[in-house]
Amino acid sequence: MILVWMIVVLLAGGVLCWLVAQRNQLICRWIALIAVVTAFSIPLGWYLRFKPVVTAGNNWLIDYQANWIPAYGISFHLAMDGLSFVLILLTFLLGTLAVLCSWNEIRERTGFYFFNLLWTLAGIAGVFVAMDLFLFYFFWEVMLVPMYFLIAIYGDFNRRYAAYKFFLFTQTGGLLMLLSILAMYFIHGQQSGNYSFDYFTLLNTTLNDTAARWIMLGFLIAFVIKLPMVPLHNWLPDAHSEAPTAGSLILAGLLLKTGAYGIIRFVLPMFPQASAGIGWLAMLLGVIGIVYGALLAFAQTDLKRLIAYTSVSHMGFVLLGVFAFREIALQGVVMQLLTHGISTGALFVMAGMLKERLHTRDIDQMGGMWTAMPHMGAIGMLFVMASLGLPFLGNFVAEFLVLISTFDVSPVLTVIASVGLVLSALYSLRIMQKVFLGQLQTVTQPPADLSAREWVIVAALTVAIVFLGLYPQPVIDMVGGVVTGIVRS
Amino acid sequence: MTHLQFLALLPFLILATAAIVVILLIAFKQSHTVIQITGFVMMCGVVLAMWYVRDTLPREVPPLLVVDGFAALFTGLIIFSVLVVGLLSYIYFEEREENPKEYYILLFLATLGSAVLTISRHFVSLFIGLELLSVSLYALIAYLRNRNNAVEAGMKYLVLAALSSAFLLFGMALIYMETGSMEFTAIGRALETSGSSVLFLMGIGLIVVAIGFKLALVPFHLWAADVYQGAPAPVTAFIATVSKIGVFAVLIRFAQAVHLQQNTLAVTVFTVLAIACMLTGNILALMQQNIKRLLAYSSIAHFGYLLVAFLSGDAGVGPTVFYLLAYSITLLSAFGIITLLSTTRRDADDLSGYRGLFWRSPLMAAIFTIALFSLAGIPLTAGFPAKFFILTAGVQQNMWLLAVVLVLSSVIGLYYYLRIISTLFAAPPLTSVKERTLHPFFYAATYTSLVVLMCLLAWLGVFPGFIVDQVQAFLQF
């Protein structure tokens with residue numbers, strides 16, 4: 001039931017924001033903040049109170065089911081295991097920061113902005129806990145539409161183009177997934193006479209090879225568009241660079257994770273043979289993504305575009321790790337999801353802060369910011385180092401785990417992927433050099449350093465990334481059972 | 001005719017009376033408002049009568065008519081749409097130069113025609129219903145006779161509808177020659193014994209042409225955009241909903257009687273039609289700048305989707321009803337917004353006029369946005385479960401080609417719906433607000449009904465279960 005409350009708080013908060021904003025924008029902001037923090041405290045409080053231990057055999061921590069459309073075997077089924085739990089925490093952490101970092105950025109049409117922000121978060125949270133495939137698709141779309149508005153209304157100069165592209169790419173994938181879901185539904189129904197969209201029921205479907213391959217492709221395309229995998233990554237740089245800061249934070253930090261989550265939750269367990277069959281291809285595309293994303297990132301002059309391409313590169317590791325079918329690799333993938341969410345999110349937040357002060361995203365017009373803003377420089381240094389995979393920071397653990405176990409499967413691909421790490425040092429250092437080091441450009445007045453609100457944001461991110469780098473064990477324990485279950489099947 | 005048969009026809013008799021009552025009211029020089037309110041009450045009377053007689057259903061009225069759950073559902077849908085169209089007509093025509101009173105006679109006659117289609121089980125009643133509908137529509141479309149567009153649209157519809165009626169009659173004649181009967185079930189029985197011959201298939205083909213014209217299926221869709229654009233906004237809403245619902249109902253009933261979905265040739269023809277509708281409709285709408293034309297093309301695409309449900313036979317009837325319900329609510333709210341924004345001189349059909357509507361009047365824009373999302377089939381709106389049920393029906397019958405085309409063409413469709421939506425949310429130009437000339441009560445009433453429609457869309461989108469169960473229950477008897 002707490003899962004329902006978590007989502008309802010966000011939905012209701014969003015509506016309330018919209019209604020209040022015409023009277024008072026400040027109250028609207030506070031309502032948004034309180035709604036996200038409340039939603040955050042629900043799973044966190046539950047965890048601290050019950051201290052659930054993942055026991056062997058049963059990974060499910062919470063399970064809630066209610067009737068929805070019984071005529072079609074659709075139920076409102078939410079459940080949470082370790083994997084969902086860590087992703088939910090990430091969602092609300094970044095969600096809180098997203099509200100905070102749009103505090104001053106959005107001055108017009110505030111109510112509708114926070115409405116969309118909270119509804120996107122609700123959709124994402126729903127995606128991570130929905131265990132009915134119809135419901136999953138439902139939430140998949142719920143997070144899409146408000147995100148479209150966030151980009152299309154509050155974005156930068158080229159926002160409409162970016163918003164279209166984002167929507168159409170995702171929707172194409174989503175509809176193909178819908179077809180696959182329907183195919184599963186009928187195949188299972190015809191076998192057992194029990195027509196249901198429930199995840200656990202459909203898990204027991206036996207498929208012949210051809211059917212499994214096609215149905216899996218439908219799911220996989222939807223997820224790798226979101227991830228994104230290289231030939232389908234086209235929407236990402238536009239959407240990320242045109243979105244407002246909070247939008248980029250949510251896109252990079254959370255929306256990309258839903259793709260990876262989908263692959264781990266649905267594609268691998270439901271189609272083990274079929275996904276093993278295309279494993280080599282997916283790994284290859286993952287490696288191509290790592291190298292190609294890194295090279296393109298190095299070539300960008302637009303700061304947000306640069307960071308967007310680093311996401312393509314980092315998500316390559318996810319694809320590589322998932323299709324290695326090794327326990328340690330999957331642990332690494334989950335770590336990568338969390339740490340990439342935090343580190344890239346932080347970089348986007350910084351890009352947003354710089355843009356607020358300098359009114360540009362072009363790194364050629366920046367430089368010498370360390371002199372002007374030493375605090376931000378130091379924090380920037382930290383996250384750039386996280387992004388290039390420095391030990392003691394979370395990303396290192398993740399990429400290390402992925403690489404160490406893929407070496408078993410394919411030494412050649414692992415070697416190329418490691419080269420990607422070197423390239424990541426190149427682009428990361430370029431950010432540092434161009435933005436923070438060098439001569440201070442002549443500006444009328446030097447920009448102000450971090451404000452108290454911005455300190456809260458970067459402090460939370462810093463603590464999280466350092467903690468995950470030094471002591472990743474809680475996460476590994478949490479998802480251990482899930483990962484073992486998937487690899488065994 | 002027995003007492004019970006008479007009782008079963010009561011709703012349709014009230015509907016027919018409505019037109020006569022309006023004539024009498026005009027003769028006694030009553031005002032537009034009185035006519036409007038009387039019409040509203042009469043339509044409610046039809047619904048009440050349907051409720052009153054529900055226990056006596058199903059009842060056959062041989063040889064022409066049959067009143068059953070199926071007919072009750074479709075008639076209910078038609079009356080519901082007419083109620084909204086009537087409400088929209090009031091503020092629309094009160095502001096126009098034309099005397100609005102005779103409009104209601106035509107409106108109720110057309111409704112009667114459409115309702116007769118839903119209960120007909122015989123070629124004669126089919127033809128009567130269809131002609132009643134078409135003839136009223138000629139006049140309705142050209143009702144604002146001082147406008148060039150309206151007269152052109154009326155002429156176009158007149159010529160093409162007359163031609164299609166000829167096709168229909170010829171087709172009926174061929175089938176009668178082959179099977180010796182004009183009753184749907186008797187034709188079905190004759191086919192079972194003798195099999196389908198070339199003449200019969202030709203007859204079916206000719207009928208398909210006529211029906212295709214009425215439903216604006218590709219390649220018989222050429223009139224749609226011009227008529228949608230030229231007709232007054234409430235009449236366009238009427239054509240898009242009521243007239244098509246009636247024709248689709250009779251198509252389903254005929255197909256069920258003669259087992260059309262088991263005839264390979266017919267299935268092939270309808271598959272081609274469906275694919276052509278989905279692709280052509282969506283592609284032609286892509287670059288439209290005129291909202292009414294755009295909705296015309298989008299409704300072509302939507303009837304392509306409906307044909308997918310139609311092709312899946314008996315399993316598709318429930319999804320069809322649900323889809324038509326969602327589609328009617330959606331289109332009525334969209335046309336409601338168009339009507340509200342129309343000025344006395346011209347209808348608000350130019351996309352540029354909608355720029356920044358959200359920041360000028362958020363409520364209207366919200367209603368319009370939700371309607372467009374529903375047309376695009378986005379969750380939380382009625383369009384989503386509707387499209388989902390149709391896909392379900394299609395996949396169940398292993399019609400993969402149609403399912404994939406449906407999915408891909410709705411992605412194309414998404415583009416132009418998003419285009420309108422992003423226009424609604426764009427930065428507003430500096431324009432003067434339309435002046436209000438009528439009593440605020442009617443605006444309030446229209447707004448209220450549009451908000452109710454919007455809530456219905458959301459309710460159907462989130463909890464479709466109740467309606468699905470009700471529809472199944474109705475179709476049982």
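The values are calculated or read from the model by the stated rules, or taken from the named source; none is laboratory data. Small disclaimer: the values here were computed from a predicted structure and weren't measured. Here the Cβ positions follow ideal geometry from the backbone for every residue, glycine too, while neighbour counts run over all protein chains shown. Surface accessibility is based on the protein's heavy atoms, side chains included, excluding ligands, DNA and RNA. Shrake-Rupley method; radii C 1.70, N 1.55, O 1.52, S 1.80 Å.
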*asked:* Take the residues in the range B:189-209 that are closer than 18 Å to B:ARG253 by Cα and over 27 Å from the mean Cα position of the chain (by Cα); name whichever of them is surrounded by the most Cβ atoms within 10 Å (Cβ to Cβ).
replied: B:PHE200
*asked:* Take the residues in the range B:358-399 that are in a helix (DSSP H, G or I), of a type in the set (S, T, N, Q) and under 20 Å from B:SER328 (Cβ atoms); name whichever of them is nearest to the other protein chains (Cβ to nearest Cβ).
replied: B:THR369
*asked:* Return the residues of the range B:381-430 that are within 17 Å of B:LEU295 (Cα to Cα), among the aromatic types (Phe, Trp, Tyr) and modelled with pLDDT under 90; say none if nothing qualifies.
replied: B:TYR415
*Looking at this structure, is B:ILE370 within 20 Å of the chain's Cα centre (by Cα) and either more than 24 Å from B:LEU453 (Cβ to Cβ) or crowded, with 23+ Cβ neighbours inside 10 Å (or both)?*
yes
*Of all residues in the range A:203-212 being in a helix (DSSP H, G or I) and surrounded by fewer than 20 Cβ atoms within 10 Å (Cβ to Cβ), which is farthest from the other protein chains (Cβ to nearest Cβ)?*
A:ASP209
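Select from the range A:160-171 the residues that are buried (at least 22 other Cβ atoms within 10 Å of the Cβ) and touching a residue at least 40 places away in the same chain (Cβ under 8 Å) and write down the one among them that is nearest to the other protein chains (Cβ to nearest Cβ).
Taking the candidates together, the pick is A:ALA163.
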*Only residues that are open to solvent by 10 Å² or more (accessible area, probe 1.4 Å) and under 16 Å from the mean Cα position of the chain (by Cα): list them for the range A:295-330, please.*
A:TYR309
*Name the residues in the range B:439-458 that are away from chain A (no Cβ under 13 Å), open to solvent by 30 Å² or more (accessible area, probe 1.4 Å) and under 25 Å from A:ILE74 (Cα atoms), would you?*
B:MET454, B:CYS455, B:LEU456
*So B:ASP349 clears everything in (1) away from every other protein chain (no Cβ under 13 Å); (2) more than 22 Å from B:ARG96 (Cβ to Cβ); (3) of a type outside the set (S, T, N, Q); (4) touching a strand residue (DSSP E or B) at 6+ places or on another chain (Cβ under 8 Å) except one condition, right? Which one?*
(2)
*Name, by its number, the condition in (1) outside any helix (DSSP H, G or I); (2) touching a residue at least 60 places away in the same chain (Cβ under 8 Å); (3) closer than 30 Å to B:PHE389 by Cβ that does not hold for A:ALA66.*
(2)
*Conditions: (1) under 24 Å from A:ALA130 (Cα atoms); (2) modelled with pLDDT under 90; (3) open to solvent by 10 Å² or more (accessible area, probe 1.4 Å). A:ARG107 meets all but one. Number of the miss?*
(1)
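Residues checked against (1) over 16 Å from the mean Cα position of the chain (by Cα); (2) more than 8 Å from chain B (Cβ to nearest Cβ); (3) farther than 20 Å from A:MET229 by Cα:
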residue	(1), (2), (3)
A:THR120	no, yes, yes
A:GLY155	yes, yes, yes
A:GLY173	yes, yes, no
A:LEU179	yes, no, yes
A:GLN190	yes, yes, yes
*Looking at the range A:1-28, which of the residues that are in contact with a Phe, Trp or Tyr (Cβ under 8 Å, 6 or more places away or on another chain) and open to solvent by 30 Å² or more (accessible area, probe 1.4 Å) is farthest from A:PHE112 (Cα to Cα)?*
A:MET1
*Please find, among A:LEU78, A:LEU93, A:LEU89, A:LEU97, the residue that is surrounded by 14 or more Cβ atoms within 10 Å (Cβ to Cβ), free of Cβ contacts under 8 Å to residues at least 60 places away in the same chain and either over 24 Å from B:PHE463 (Cα atoms) or among the aliphatic types (A, V, I, L, M) (or both).*
A:LEU89
_the range B:145-170 residues that are under 25 Å from B:HIS122 (Cβ atoms) and in contact (Cβ under 8 Å) with a residue 40 or more places away in the chain, paired with ones that are among the hydroxyl-bearing types (Ser, Thr, Tyr) and not in a helix (DSSP H, G or I) (beta carbon under 6 Å, 6 or more apart)_ = none
*Which residue, of B:PRO219, B:PRO234, is in contact (Cβ under 8 Å) with a residue 24 or more places away in the chain and crowded, with 24+ Cβ neighbours inside 10 Å?*
B:PRO234
*asked:* Just to verify a result, which residue in the range A:61-75, among those that are within 11 Å of chain B (Cβ to nearest Cβ) and aliphatic (A, V, I, L, M), is most open to solvent (accessible area, probe 1.4 Å)?
replied: A:ALA71
*Could you grab me the full set of residues in the range B:249-286 that are in a helix (DSSP H, G or I), more than 22 Å from the chain's Cα centre (by Cα) and not hydrophobic (A, V, I, L, M, F, W, C)?*
B:GLN261, B:GLN262, B:THR264, B:THR268
